[in-house]
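Participant: Here's a structure for you.
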Amino acid sequence: MPHFPPRPVRHLMAFLALALLGLGALWLGLTLATLPDPTRALAAAPTVPSIRITDRKGRLLYEALPAEARYTPLPASSIPQCLKDATLAVEDPTFYTNPGLDFRGLARALWQNLRAGRVVSGGSTITQQVARNLLLSPQERRQRTLRRKLRETWLAWELTHRLTKDQILALYLNTTYYGGFAYGAEAAAQTYFGKPAAQLTLPECALLAGLPQAPAVYDPFTHPEAARARQHTVLDLMVRHGFLTPEARRRALAVPLTYNPIPYPMRAPHFVWMVLQRIQTLQAQGRLPTNVPLEVRTTLDLDIQTLAEEAVARQLDTLQRDRDRHVNDAAVVVLDAQTGALRALVGSAGYGQRAAEGAINMATTPRPTGSAFKPIIYAAALQPHQPFPWTEATVLWDVPTTFHTADGTPYTPENYDRRYHGPVTVRQALASSLNIPAVLTLQHVGIAKALEVARALGITSLEDAEHYDLSLALGGGEVSLLELTNAYIAFATDGYFRPYQWLYEVRAPQGSILYRPSPPHATPVWDPRVAWLISDILSDDTARTLGFPRHTSLEVGFPAAVKTGTSSGFHDNWTVGYTPRWVVGVWVGNADFQAMRQVDGLTGAAPIWHQVIRTLEADQPPKAFSRPAGLVQVRVCTLSGLLPTPACPETHLAWFLEGTAPTRPDDVYRRVTVSTPDGPQTITALNLPPRAWNWARAHGWPLVQDLPALSPTTEGEPNAAVRLLSPANGSAYRLAPDLSSEAQEIQVVAETAWAGARLRLWADDALLATCPAPKCEAWWPLQPGEHHFWAEVLPADSGPPQRSPTSTITVTP
């Protein structure tokens, strides 16, 4: 028989159950007792607070007052059907059949809330949203509690029985927030498309219907690609829920969107939109109130903004008058180098003139950087706390070179001028923006390391290393002008990176501070000496003469470091430069990605940079980049970067970080005695790596490798029957993690003057190759560790073999 609790216990349990039911009923009654009359929604209007945005000196950039509030209610008959359908597809597909509640959605939300232990999902219908937004107080709307959900649900039920479905839908469409301080369909249509809601097309309706869930994220003025993707999602939902046929969807997707060129009267429009988006985000996060007027003070300087806008207008006018170069757009960013404060941002040249492209903020849109990315790669190669750091005197060979990508594909870059310049120093290569040395530098640094440094400099648009190859050195990655200009701050400020800032504070009308962001924290990225070296190189007018003529827009009459860039096919060109006070970045191109006609960074962007930087510095004494301690200047042999010997004909002074200056003499120029018909002669020959042999021969230099026979008086070497030409003793190599092992090999080369002999190459006691005289060549795959190479010659008369000196190299992972 079943066991029951004793009767007194059962009585107690029944009493407790009744008491709990009574308390629940009382709580529910009290919860619902203070609900407003649902019909009040018909007369309700959204709260539209004013907002005033100023520059750093308090000068007005934008102001929206309650009297100008973008709220114009429409009767249901004046709202286009496409907007109704698109909204229902996104928000509430069963709107016309449900009782104001979506029980399936509620069940799903209840399950998610139970799993999370808190309210994380609402499952709200359009009717519930109307009840919440028009009948509950602003404070209660932000609550995520069971009490608020019950009150909202009851009001939705009441609304369904007191109003028609068309009335409820019209209330929603007239009061929902579409971003840009536009409340309701009419305001949204005017704000984004400059037309009445009644004239909206299907593609426009689909875009607007996707905005309310995240207006800041899908704002077409600041995030056009995200807005377009959201529009696609809305059209897909319309097809899924039967509001649209697949063919109608296809036609809608084919229609380009044209936005309102002047949604508001404002100064620095793209900057203002950035501010408005940030304010909306802070309000959505509950960090700013939504129902009080706001006074927003920004870092922008209206004088500098006007200067940048005028420089853009003048340069584009010049380019368009000089044989139309097909250039329609430009963007400018000006940062205070010491604080990171954004003083000017020109997002496009045609805001308010060219509806489709002028609305796009090209200062924040990632584009291929061309050579403007190179300083970051070179700086990484110069960093001292790594194995085998380079110096400004390191010699790079600007000769035809084929590289191999991670998958083994050959890659042969060319210089912008289609010429090769032979041996160049790091200083010359960076200042003159030579492409082949830049790729050699990225190969040395490694793609993964270059991307790691870029992220430390605030660049967020680049992907992981597997998405790139060595073309990254020439601007193969896409970066926005704002982020690239910000990255250059670290060169101007002793290696410290400061994220840009553009918002000082938000205040209430009575002056109380509602929000003030923390000042940006400075993070060390470069060794201060490396930052100075890069600045010294980029301000060296002499070093850039291999790639640029003299007396161009890059010369400003005072110390200023600058780098240009042009993307493949003339789609983008850049100039980013700085002084100790200012960092100025300029992009010129077309927002629709069309190519320009023979416009590069020097002729397109540089004149704008020149005008802006000269004006900014006009009223102040010139200020040089402060050279930090720990740098020494040493005279080196130009062709090797080593200490000069009497045989070295060309030397120069170079800066070195302490500990990186050369300590051994030049080994490129060799004084050798050769046999000639007129007797022995002493000449200077070059001892170069194999990749440089063709260059030396083309320029008339004798190579040690080409001499027919060396006499016993070869300077600096013992009498040798066999010579190991490569690898050189003491060489150091570093494996590139992003290249295959097949692409990381070195050449082993030996020669002999013994006719009829045979040569053998050895690597770590393993026979590598056997060849007939006079030369033997083989390839050896790099492996971590210390390795030993030598060669031996076996004479034709079967005499004893002769062995060369051993060459020892090191390879680091």
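Participant: Could you do me a favour and compute the accessible area per residue for region 722-811, 1.4 Å probe, result in Å²?
Facilitator: 48 Å²
Participant: Report in % the part of the accessible area of region 631-706 that belongs to carbon and sulfur, leaving out ligands and nucleic acids; probe 1.4 Å.
Facilitator: After summing per-atom areas, the C and S share lands at 50 percent.
Participant: Run the accessible area of region 360-420 with a 1.4 Å probe and give the carbon-and-sulfur part as a rounded percent.
Facilitator: Heavy-atom surface of region 360-420 belonging to carbon and sulfur, 1.4 Å probe: 56 percent.
Participant: How much accessible surface area, in Å² rounded to 10, belongs to the heavy atoms of Trp754 with a 1.4 Å probe?
Facilitator: Accessible surface of Trp754 is approximately 90 Å².
Participant: Output ³J(HN,Hα) for region 449-466: one whole-Hz value per residue in order, computed from phi by the Karplus curve 6.51 cos²θ - 1.76 cosθ + 1.60 with θ = phi - 60°, and x for Gly and Pro.
Facilitator: Listing the rounded values in order: 5, 4, 5, 4, 5, 4, 5, 5, 8, x, 8, 10, 8, 7, 8, 6, 4, 5 Hz.
Participant: Considering the zone a paramagnetic label at Ser568 would reach in this model (a point 7 Å from Cα along the Cα-to-Cβ line), which residues of region 439-455 have amide N under 15 Å from it?
Facilitator: Counting only backbone N, you get 439.
Participant: A further question follows. For the residue pair Arg251 and His467, what label-to-label distance in nm results when each label sits 7 Å from Cα along the Cα-to-beta-carbon direction?
Facilitator: About 3.7 nm, to one decimal.
Participant: Let me ask another. Which order do the peptides 494-503, 382-391, 515-524, 426-435 take when ranked by the mean count of other beta-carbon atoms within 10 Å per residue, highest first?
Facilitator: 426-435, 494-503, 382-391, 515-524
Participant: Ignoring ligands, DNA and RNA, what accessible area per residue does region 631-706 give at 1.4 Å, in Å²?
Facilitator: Roughly 51 Å² per residue, with all protein chains present.
Participant: Say R0 is 35 Å: what FRET efficiency, to the nearest 0.05, do Ala766 and His385 get from their beta-carbon distance?
Facilitator: 0.50
Participant: Of Thr806, Thr579, which has the most accessible area with a 1.4 Å probe, and how do the rest follow in descending order?
Facilitator: Thr806, Thr579
Participant: For region 187-323, what relative contact order do you get, as a whole percent, if you take Cα pairs closer than 8 Å and at least 6 residues apart?
Facilitator: Computed value for region 187-323: 22 percent relative contact order.
Participant: Please give the solvent-accessible surface of Arg343 in Å², to the nearest 10, using a probe radius of 1.4 Å with every protein chain present.
Facilitator: Arg343 has an accessible surface of roughly 20 Å² with all protein chains in place.
Participant: Also, I was wondering about something else. Compute and list, largest first, the equivalent-ellipsoid semi-axes of region 722-811 from the alpha carbon gyration tensor, each √(5λ) rounded to a whole angstrom.
Facilitator: 27, 12, 9
Participant: Taking amide H atoms as placed 1.01 Å from N in the peptide plane, list the residues 5 or more away in sequence, or in a different chain, whose amide H sits under 5 Å from that of Ile459.
Facilitator: Under 5 Å from the amide H of Ile459: no residue qualifies.
Participant: Could you give each residue of region 208-214 its phi-based ³J(HN,Hα) in whole Hz, using Karplus coefficients 6.51, -1.76, 1.60 with θ = phi - 60°, and x for Gly or Pro?
Facilitator: Using θ = phi - 60°, the values come out as 4, 5, x, 7, x, 5, 7 Hz.
Participant: Follow-up. Just to verify a number: FRET efficiency for Asp303 and Ala229, C-beta to C-beta distance, R0 = 45 Å, to 0.05?
Facilitator: Working from the Cβ atoms, E equals 0.75.
Participant: Taking the simple approach of a point 7 Å from Cα along Cα-to-Cβ for both Ala618 and Phe593, what is their distance in nm?
Facilitator: With each label point 7 Å from Cα toward Cβ, the separation is 4.0 nm.
Participant: Ok, one more. Full-extension gain between Ser77 and His551, please, as 0.36 nm times their residue separation minus the C-alpha to C-alpha distance.
Facilitator: Details: separation 474, 0.36 × 474 = 170.64 nm, distance 6.71 nm.
Here the segment from Ser77 to His551 would lengthen by 163.9 nm.
Participant: List the residues, sorted by chain then number, that are 5 or more residues from Leu725 or on another chain and whose placed amide H is less than 5 Å from its amide H.
Facilitator: Placed amide hydrogens put Val749, Ala750, Glu751 under 5 Å from Leu725.
Participant: How charged is the neighbourhood of Pro559? Take every other residue with its Cβ under 14 Å from the Cβ of Pro559, and add Lys/Arg as +1 and Asp/Glu as -1.
Facilitator: -1
Participant: Which order do peptides 179-187, 167-175 fall in by mean Cβ count within 10 Å, highest first?
Facilitator: Output ranking for 179-187, 167-175: 179-187, 167-175.
Participant: Between Leu703 and Arg59, what is the label-to-label distance in nm when each label sits 7 Å out along the Cα-to-Cβ direction?
Facilitator: With each label point 7 Å from Cα toward Cβ, the separation is 6.4 nm.
Participant: Rounded to whole Hz and in sequence order, give me ³J(HN,Hα) for region 478-495 from the Karplus expression 6.51 cos²θ - 1.76 cosθ + 1.60, θ = phi - 60°, writing x for Gly and Pro.
Facilitator: These are the phi-based 3J(HN,Hα) values: 9, 9, 7, 4, 4, 6, 5, 4, 4, 4, 5, 3, 5, 6, 7, 10, 6, x Hz.
Participant: Amide H neighbours of Glu745 under 5 Å, at least 5 residues apart or on other chains, H built in the peptide plane: list them.
Facilitator: Result for Glu745 returns Leu782.
Participant: Let me ask something additional. Largest first, how would Lys775, Lys84, Lys57 line up by accessible area (1.4 Å probe)? Intermediate values should be presented prior to the final figure.
Facilitator: Working: Lys775 60, Lys84 35, Lys57 120 Å².
Heavy-atom accessible area, descending, gives Lys57, Lys775, Lys84.
The values are calculated or read from the model by the stated rules, or taken from the named source; none is laboratory data. Bear in mind the structure is a predicted one, so any value in this text is a computation, not a measurement. Counting neighbours? That spans all protein chains shown, and the Cβs are built from the backbone with ideal geometry, glycine included. SASA here: full protein model, heavy atoms, side chains in, ligands and nucleic acids out. Shrake-Rupley method; radii C 1.70, N 1.55, O 1.52, S 1.80 Å.
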